[in-house]
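Take a look at the structure below.
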Amino acid sequence: MESSLLLQQIVNGIILGSVYSLIALGLTMIFGVMKISNFAHGDYSMVGAYVAVFLMAWLPGWLGWVGSILAAAAVVGVLGVVTERLVFRPLLTRWTDIDIIMVSIGLFILLENLAHLVFGATPRMLKDPFGGAVFDLGLFSTSQLRVFCLVFSCVAIAVLQLFLNRSRLGVAIRATSQNRFAAQLMGININTVYTLTFSLGAALAGVGGVLYGTLFAISPVMGAIPTQKAFVVTIMGGMGHMRGAILGGFILGVAETLGGNYLSMAYKNAIGFMILILVLLLRPSGLFGRRQ
Amino acid sequence: MDARSWRAIAPWAGLAALVVLPLVLRDRYLVHLLVMAGIFVILSSSWNLLAGYTGQLNLGHAAFYGIGAYTSALLAIKLGISPWLGLVLGGLVAACFGLLLGVPALRLSGPYLAITTIGFAEILRLVAMNWVDLTRGSLGLYGIPPLTPIPLPGGKSLTFTSEVSAYYVILVLCLLSLACCRRLVNSDFGISARSLRDDEMAAASVGIDVNAYKLAIFMLSAFFAGLAGAFFAHYQRLVSPDTLSTAETFTILTMVMLGGLGTLTGPVVGAVVLTFLAEGLRFVEDWVKMDVRLIIYGLLLILTILFMRGGMVGLFDRFRRPAAQPGRE
């Protein structure tokens, strides 16, 4: 019985972790390429989740799900371009860390409260197209919705890796991330790369937001939590490291679920920060980053 | 009168105006707003001390405010310690936590420091929420005694329950902490601190003990926030875990950026303007039937950083001395 509960918790942790990975990948990509630490990142997830809320009320069952995810990626991708152009791009030539972080905090306050104005304060839940069906494997069971959530995050992460490793644009993004000036010398238009990266990173958060909405309630103030988690995961994996962010997400998801169950539910949200402080003290370049 | 004698008189005239202000206003609510503005003057000035003069971005400043408030409130409720002593103790305990956070923060900068300090405040907020035996959790501590009356010769005593009396206390606290900031910034110590903000390695190479400076200012910044928190506890007589929230920190930093980061007057201007703007916006909200206050905060913060670097103080300086602005024809 005990070991089955443990297994159950680990499965839940992996599912949660896959969502963290997806959102953190967006953050770490944007940081890697543009050196922007965006404290409004989780609000892209919030917007994505609301896109799903409205589309699912509109489209039936499966169609609603697939439609929501595509629409969330599109809407948040466009929002990403708009915010990058209006808010971050003007600072690109003369920024300091303080300016970038401050302007993103301004964006966070703005988006959160605009959402409050438009969507109202009532928390909402996403519909389950499987009608709450459970997937039972004997040792553990989980809802089909959660399995879908896990499978979808993993597919999205794999597609992203393929895009970054195999396509011309993906290679351009990685090159800019490694060395901006060398990339420019090779004829890469880094302004296009910046816009594309920001939009893609935001879209990842948006899609992550839809999946996050299957696990937690959706509200205008929900954005702060994914932002915090994404930063913890990103720093754990080494800022700008893709693989670190993927692994970090799973580690955080499992650590939180186990900690929440065996240590204290009330301090579940503190677990990530404890890990963060430990990582920063012991391995400041991240668990998977290169030692400096 | 010539400019020099004006400059000599101006501070005293300003002080006199501040002293008679609540007597002229004669409106309890307006005086209450002045008291709140005073609390935010201390909070934003102390945050600015760290961010504006050493370049360290602490996004957990509200934690120190909350620590000061809880410390003084608990000491008064549980141990019956005088709130006056509590003001100092609240500041000192906050400074100890400042040391605790400041040591790991020495190795961090930019986003690393920002998220660590958010985490620090978040963990403390969770403690305040969940240690129900001590803090009464999300209900908050209530029934906190006000500042104790001071006996005057002749059998009377000076009480501190009214808004006007609280105004004079916070005025004194503001003036003390601002004087302290001013002396610090203009001293050799302050010059060294600024040098490490602008170029840490260069500062270290001329023999400035970078870590000692950062720690000292971290603790001092925490002390003043704790002091403001302790005063707030005995003024509001209710402390809840919300005092430690990130939203509180974000209000403080909006004030500083709006007023002018890295200047002495900026945080003061920002705190007063934003406190009264918030109240003005409440009327607008009643009128348009929408919650627009925080949307405007967010817009203000973004627009200030994009178009008004140096904040209102910077704008004023540019207006007054356009030629002195480098890089401008």
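General remarks:
- Nonlocal amide H pairs with A:Gly240, under 5 Å, H built at 1.01 Å: A:Gly32
- Karplus-derived 3J(HN,Hα), 6.51/-1.76/1.60, for each residue of the range A:158-163, Hz, glycine and proline x: 5, 4, 4, 4, 4, 4
- Euclidean distance between Cα centres, the range B:175-206 to the range A:1-47, Å: 40
- Karplus-based coupling profile of the range A:211-221, in residue order and whole Hz: 5, 4, x, 6, 9, 10, 5, 9, 8, x, 8, with θ = phi - 60° in 6.51 cos²θ - 1.76 cosθ + 1.60 and x standing for Gly or Pro.
- Only one residue of B:Val164, B:Gln56, B:Leu152 has its Cα farthest out toward the positive end of the dipole of the range B:24-244, where Lys and Arg carry +1 and Asp and Glu -1 on Cβ, and that residue is B:Leu152.
- Cα-based reach from A:Lys268 at 17 Å (exclusive), listing lysines while leaving out same-chain residues under 8 positions away: A:Lys229
- Whole-angstrom gap from the range A:95-144 to the range B:272-293, using each part's C-alpha centre: 28
- In a simple Cβ point-charge model (Lys, Arg +1; Asp, Glu -1; nothing else charged), the range B:182-328 has a dipole of about 460 debye relative to its Cα centre.
- Shape class of chain B from the alpha-carbon gyration tensor: rounded, with the ratio a/c of largest to smallest axis under 1.5.
- Fewest-first ranking of B:Glu248, B:Glu285, using other Cβ atoms within 10 Å as the exposure measure: B:Glu285, B:Glu248
- Taking A:Trp65, B:Trp84, B:Trp12 and counting other C-beta atoms within 10 Å, the order from fewest to most: B:Trp12, B:Trp84, A:Trp65
- Note that the range B:223-232 has calculated 3J(HN,Hα) couplings of 4, 5, 4, x, 4, 4, x, 4, 4, 4 Hz, one per residue in order, obtained from phi through the Karplus relation 6.51 cos²θ - 1.76 cosθ + 1.60 (θ = phi - 60°); glycine and proline are x.
- For chain A, the longest principal axis of the C-alpha atoms and the axis of helix A:2-34 are separated by about 20°.
- Think of it as helices only: each DSSP H run of n ≥ 4 in the protein assembly as shown is worth -39500 (n - 2.57), and spread over all residues that comes to -25000 deg cm²/dmol at 222 nm.
- Cα gyration tensor shape for the range A:19-223, rounded if a/c is under 1.5, else prolate or oblate: oblate
- Scanning residues 5 or more positions from B:Gly310 or on other chains, those with amide H under 5 Å from its amide H are B:Leu261, with H placed 1.01 Å from N in the peptide plane.
- Placed amide H near A:Ser143: partners under 5 Å, 5+ positions off or other chain: A:Phe135
- By the count of neighbouring beta-carbon atoms within 10 Å, fewest first, B:Tyr70, B:Tyr297 end up ordered B:Tyr297, B:Tyr70.
- Exposed loop sites are taken as trypsin sites (Lys or Arg not before Pro) in a DSSP loop (any state but H, G, I, E or B) with at most 14 other beta carbon atoms within 10 Å; the longest stretch of chain A without one runs A:95-289.
- Taken about its Cα centre, the range A:19-223 carries a charge dipole of about 520 debye when Lys and Arg each add +1 at the Cβ and Asp and Glu each add -1 at the Cβ.
- Comparing A:Ala71, A:Met125, B:Leu30 along the charge dipole axis of the protein assembly as shown, the residue lying farthest to the positive side is A:Ala71, per the Cβ-charge model.
- Gyration tensor (alpha-carbon) shape descriptor, the range B:185-329, a/c threshold 1.5: oblate
- Total charge dipole magnitude, the protein assembly as shown, about the Cα centre, Cβ charges on Lys, Arg, Asp, Glu only, Debye to nearest 20: 880
Taken together, the values in this text are just the output of simple stated rules run on the coordinates, not laboratory data. Keep in mind it's a predicted model, so treat the numbers as computed, not measured. Cβ: placed from backbone, ideal geometry, glycine included. Neighbour counts: every protein chain shown.
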